[in-house]
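Notes to accompany the following structure.
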Amino acid sequence: MCPDVQPIGEPAIVPTAPRSRRQFLVAATVTTAGLAVGACTSKQPSHPRVVGPSAGAVGQAEAYRRRPGAPIREVALTAAPVTIDLAGRMVTTWAYNGSVPGPVVRPRAGEVLRARLDNRLPEPTTIHWHGVALRNDMDGAPGMTQPPVRPGGRFTYEFTVPDPGTYWFHPHVGLQLDRGLYGPLLVDDPAEPGGYDREQVVVLDDWTDGIGPSPEQLQARLAAQGGMMGQGNMGMMGQGGPDASPVLGGVGGQIDYPLYLLNGRPPADPPTIPARPGQRLRLRVVNAAAETAFRLALGGHRLTVTHSDGLPVAAVTVDALVVGMGERYDAVVTLGDGAFPLVALAEGKRGQALGVVRTAGGARPAAAARPGELDGRLLDLGELRADPRVGLPARRPDRTHRVVLSGGMMDARWTINGRTFDDAIPLEVREGERVRLVLANQSMMFHPVHLHGHSFQVQVQTQAGAGPRKDTVIVRPMEQFAVDLLAANPGQWMLHCHNLYHQQAGMMTTLSYIR
Ligand code: C2O
Ligand code: CU
């Protein structure tokens with residue numbers, strides 16, 4: 001018997017007809033006990049075979065998701081240098097199709113997305129489709145699922161988009177995300193339940209490119225000085241002090257960005273979101289920042305949170321919510337009459353991003369507007385419950401991995417289980433298993449932990465049901481909790497902190513399917 005695999009004792013369920021992703025997830029709770037025993041009785045139990053991105057199992061999982069005759073949605077994305085206007089300041093950066101954020105990519109669930117990437121950057125790049133349970137070889141993980149696309153090169157991503165929701169895309173090479181390379185990916189639900197009259201994507205970002213130090217300079221300073229900079233010097237932040245955030249359990253970050261953007265615009269030139277009084281506006285919020293969590297509120301309104309990381313939750317109404325790097329939340333607001341500040345405060349930092357929701361004439365809110373809702377009732381992760389349509393079936397885990405997050409602001413290394421990515425020990429799983437990850441933060445900074453290719457369910461122990469399905473979750477300093485997932489998407493998947501500078505300093509490992 002394998003030491004790490006318990007028999008599951010459930011009958012295998014063999015799908016007989018094309019199904020939705022959700023049905024697939026449920027159906028894929030097949031027993032793998034036989035497989036596991038087979039692997040254990042082989043001659044080399046310590047060298048199990050890795051299910052690589054071009055393994056047959058990857059194609060099979062995709063074939064299972066793909067409906068015959070599924071429409072193909074084509075998009076062309078060119079990554080290239082561009083000059084943008086930040087409230088009158090002309091700044092050169094890198095972006096997709098000449099704009100920050102990049103274009104909205106909008107397939108329907110069940111369609112095949114065919115995205116041609118043209119790399120006109122001076123560096124190799126890839127595109128990662130953050131949050132999408134896609135085929136492994138289209139995941140954009142350089143050196144793991146594909147070689148990076150060289151300057152001047154092209155690559156076509158093609159995959160079935162299984163689940164509706166708010167996702168996004170960005171490069172997965174170096175510090176490119178801290179430039180303007182990101183865009184929203186909205187997957188429409190053919191059976192959209194509605195409950196809103198209009199919608200607006202809200203993409204948040206921390207900005208330094210062309211204004212403050214370059215991302216490379218920031219990284220070098222973090223590395224050279226072990227993260228502890230002279231107070232307020234060179235765009236770097238001190239530890240704790242007045243900036244500490246109770247919500248994040250400590251500092252908001254180590255970099256004090258010169259600007260924060262909402263849909264590519266600074267507070268001095270905020271975007272206007274037009275609507276009519278009484279309309280229900282669905283906000284689809286994406287945090288595309290490299291190093292900043294945001295606290296979001298709309299002056300004069302409450303936010304009814306309906307989705308976390310694209311997937312539905314039982315609705316919760318709050319005044320404000322904190323969105324970590326890589327996270328998404330959808331919230332519906334019923335609009336009053338006037339011009340209201342949509343504020344995204346850089347949590348635990350100085351500065352904010354701003355938009356204006358306008359349903360009537362009247363003065364534009366000030367760039368520094370601080371609506372009282374920011375200090376009102378805040379969304380707590382522990383109160384979110386997955387909508388029953390997306391909850392995982394109750395089941396004991398077949399396998400548990402501890403994921404210890406450590407490192408320090410005095411140290412240039414950030415690690416998972418004591419190791420940086422270059423010598424990480426992969427977290428092994430087998431297809432069909434229920435896998436539990438125990439996320440344990442043993443450092444003094446928060447980490448938004450992101451898993452590729454899957455969404456997990458946060459394990460909350462109350463009678464009110466299980467926690468939200470997510471693909472990115474904030475783990476606060478010294479906090480520990482479990483997330484469960486169904487290993488139903490074979491391949492090699494990155495698991496990392498979505499603080500770009502932590503990821504680059506080693507806080508990344510692999511969730512590795514083995515046979
Ligand atoms: Cu949004 Cu591996 O990332
Ligand atoms: Cu981190």
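Observations
- Under 20 Å from a label point set 7 Å out along the Cα-to-Cβ vector of Arg389, the amide N atoms of region 288-325 belong to 304-317.
- Here the Karplus relation 6.51 cos²θ - 1.76 cosθ + 1.60, evaluated at θ = phi - 60°, turns the backbone of region 420-436 into coupling constants of 7, 4, 4, 10, 5, 9, x, 8, 8, 9, 10, 4, x, 6, 8, 10, 10 Hz, with x for every Gly and Pro.
- Comparing Gly69, Pro107, Asn119 along the charge dipole axis of region 63-120, the residue lying farthest to the positive side is Gly69, per the Cβ-charge model.
- The stretch between Asn97 and Asp188 holds 30.5 nm of extra length on full extension. This uses 0.36 nm per residue minus the Cα-Cα distance.
- With both labels modelled 7 Å from their Cα along Cα-to-Cβ, the Arg89 to Met478 distance reads 3.8 nm.
- Cα gyration tensor, region 90-236 - rounded (a/c under 1.5), prolate or oblate: prolate
- Remark: region 382-515 carries a charge dipole of roughly 340 debye about the Cα centre, counting +1 on each Lys and Arg Cβ and -1 on each Asp and Glu Cβ.
- Here the gap between Arg396 and Arg120, fully extended at 0.36 nm per residue and compared with their Cα-Cα distance, gives a gain of 94.5 nm.
- Compactness of region 400-451, taken as the C-alpha radius of gyration over 2.2 N^0.38 Å, stands at 1.24.
- Charge dipole of the chain (Cα centre as origin; +1 on each Lys and Arg Cβ, -1 on each Asp and Glu Cβ, all else neutral): 860 debye, rounded to the nearest 20.
- Across q = 0.10, 0.15, 0.23 Å⁻¹, region 391-515 modelled as identical point scatterers on its alpha-carbon atoms has Debye log10 I(q)/I(0) values of -0.28, -0.64, -1.40, in the order of the q list.
- Local charge for Gly264 was computed over the other residues whose Cβ lies under 15 Å away, with Lys and Arg +1 and Asp and Glu -1, and equals -3.
- Within region 108-146, backbone nitrogen closer than 11 Å to the virtual label 7 Å beyond the Cα of Ser54 toward Cβ: 146
- Prolate/oblate/rounded call for region 475-514, Cα gyration tensor, a/c under 1.5 rounded: oblate
- Given +1 at the Cβ of Lys and Arg, -1 at the Cβ of Asp and Glu and no other charges, the dipole of region 69-177 around its Cα centre is 160 debye to the nearest 20.
- Ranked packing of 212-220, 293-301, most packed first, by mean Cβ within 10 Å: 293-301, 212-220
- Volume in Å³ per residue [convex hull over Cα atoms, computed for the chain]: 140 Å³
- Distances between placed amide hydrogens fall under 5 Å for Thr510 paired with Leu427, Leu495, all partners being 5 or more residues away or on another chain.
- Per-bin percent of Cα-Cα distances, region 145-192 [10 Å]: 19, 44, 29, 8, 0
- Cα→Cβ-extended label distance, 7 Å offset, between Thr317 and Ala268, nm: 3.9 nm
- Divided by 2.2 N^0.38 Å, where N counts the residues, the Cα radius of gyration of region 68-166 comes to 1.17.
- Residues with amide H under 5 Å from that of Ile255, placed H, sequence gap 5 or more: Met237
- Stokes-Einstein translational diffusion, region 338-403 - Kirkwood Rh over all Cα pairs, 1.567 mPa s, 4 °C, in µm²/s: 80 µm²/s
- Remark: spin-label model distance Ala244-Ala363 equals 3.7 nm, labels positioned 7 Å along the Cα→Cβ axis.
- Beta-bridge orientation, the chain: approximately 75 percent antiparallel, per DSSP, counting only bridges with both partners inside.
- Projected area, mean over directions - region 265-399, Cα convex hull, nm²: 9.6 nm²
- Karplus-derived 3J(HN,Hα) values for region 204-209, using 6.51 cos²θ - 1.76 cosθ + 1.60 with θ = phi - 60°, are 9, 8, 9, 10, 10, 4 Hz; glycine and proline are entered as x.
- Cut-off 10 Å between beta-carbons: net charge of the residues surrounding Ala70, Lys and Arg +1, Asp and Glu -1: +4
- A protection proxy built from the mean count of other Cβ atoms within 10 Å ranks the segments 87-100, 278-291, most packed first, as 278-291, 87-100.
- Burial order of peptide ranges 149-162, 331-344 (average beta-carbon count within 10 Å, highest first): 331-344, 149-162
- FRET efficiency, 1/(1 + (r/R0)^6) with R0 22 Å, evaluated for Gln459 and Asp423 via beta carbons: 0.15
We did not get these values from a lab; they are worked out from the coordinates using the rules stated. Predicted model only: the values in this text are computed from it and were never measured. Note that each Cβ is placed from the backbone with ideal geometry, even for glycine, and that neighbours are counted across all protein chains shown.
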